[in-house]
1. Pick from Val138, Val134, Val169: which is under 19 Å from Asn262 (Cβ atoms), modelled with pLDDT of 95 or more and more than 14 Å from the chain's Cα centre (by Cα)?
2. Exactly one condition in (1) surrounded by fewer than 18 Cβ atoms within 10 Å (Cβ to Cβ); (2) of a type in the set (A, V, I, L, M); (3) within 13 Å of the chain's Cα centre (by Cα) is not met by Ile20; state its number.
3. Condition first: assigned to a loop (DSSP other than H, G, I, E, B) and of a type in the set (S, T, N, Q). Now tell me which residues in the range 164-203 satisfy that.
4. Name the residue that is surrounded by the most Cβ atoms within 10 Å (Cβ to Cβ), counting only residues in the range 126-135 that are in contact with a helix residue (DSSP H, G or I) (Cβ under 8 Å, 6 or more places away or on another chain) and of a type in the set (A, V, I, L, M, F, W, C).
5. Just the residues that are touching a Pro at 6+ places or on another chain (Cβ under 7 Å) and surrounded by fewer than 20 Cβ atoms within 10 Å (Cβ to Cβ), please, taken from the range 171-180.
6. For Asn36, all conditions in the list (1) in contact with a Lys or Arg (Cβ under 6 Å, 6 or more places away or on another chain); (2) closer than 25 Å to Ile139 by Cβ hold save one; what is the number of the exception?
7. Taking only the range 79-122 into account, find how many residues are of a type in the set (Ser, Thr, Tyr) and either modelled with pLDDT under 95 or surrounded by 23 or more Cβ atoms within 10 Å (Cβ to Cβ) (or both).
8. Restricting attention to the range 23-33, does a residue exist that is of a type in the set (Gly, Ala, Ser) and on the phi < 0 side of the Ramachandran plot?
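The values are calculated or read from the model by the stated rules, or taken from the named source; none is laboratory data. Note that the structure is predicted; figures quoted are calculated from it, not measured. Because the Cβ atoms are built from the backbone with ideal geometry, glycine has one as well, and the counts that use them run over all protein chains shown.
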Amino acid sequence: MRITAVTCVKNEGPFLIEWIAFNRVIGVTDFLFYSNDCTDGTAELLDALAARNVVSHLPNPAEGRNYQMEALKHSRTRKIVKRADWVWIADVDEFLNIHVGQGTIPELIQACHNPKAISVTFQFFANAGIERFVDEPVISQFEHSHNPDIWTDQTSIEVKTLIRKDFPVKYYGAHRPFLKPGISKNERPLWTDGSGQEAPWKFRTAANKNRLRKFPAKGVRKFATLNHYALRSLDSYLVKNDRGDVNRENRTFDDSYWRERNDPAFHDVSIQKYLPRLRAEMKALMAD
């Protein structure tokens, strides 16, 4: 099974190796990175990894300033995406925490009955008072989040989606694919949440008001959760704030963004089951 991860980056150098290694552990076979305006060695590191055939790396093709959407549009023309059985669109601060079997994407797909799309809800991990950047895996440092079963206001509108190659896609969104128009009822693709339940129809058709990704949060993480380390350490957050949003220019990460995501009420170390495999994969990537 070929699984291609597509992502856009700007100044994410310290976190690339962990993210690539983690996704290899869960079953990703190919990586397509788009970068723009990097000043911290991100582009050079990706070029070095590309020279070893670990990733594919391209400059972001955006002619305007909507970096992510233009990159996703471009990605559909690339062989690495066209030949994939599944496409995984995610950011470098997002980690797919799979709760079945050995925690791999093929096992998640099987648990969800081989649908054409799986939308997994976010679990925002808090800063929890960590100030300094430490060169250790992010998933080993940040252990507190909102309670994903009761804290639903934000999680209910944030998902990321695995997309099967035969999904009737009009275009890729950063969080979910959009259906081709004119799909008849009997042609509707099976599209599930992280518990293998069918995703709400209004969500699938983007029919919610203002096209919000409104999605019930409770009971949707039986098989998988998307751990989102949007804040990391205070040091890293300041860099992120200076960098700006990779999705669209002029969006800032201010104190409201911080407050909304810095809820440490729930202790969750379930993702740390991956640490032995992650460290081994990171060591292999760093070997030369």
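1. Val138
2. (1)
3. Result: Ser184, Ser195, Gln197.
4. Checked the range 126-135; the qualifying residue surrounded by the most Cβ atoms within 10 Å (Cβ to Cβ) is Ala126.
5. Answer for the range 171-180, where residues must be touching a Pro at 6+ places or on another chain (Cβ under 7 Å) and surrounded by fewer than 20 Cβ atoms within 10 Å (Cβ to Cβ): just Lys180.
6. Answer for Asn36: the failing condition is (2).
7. 2
8. no
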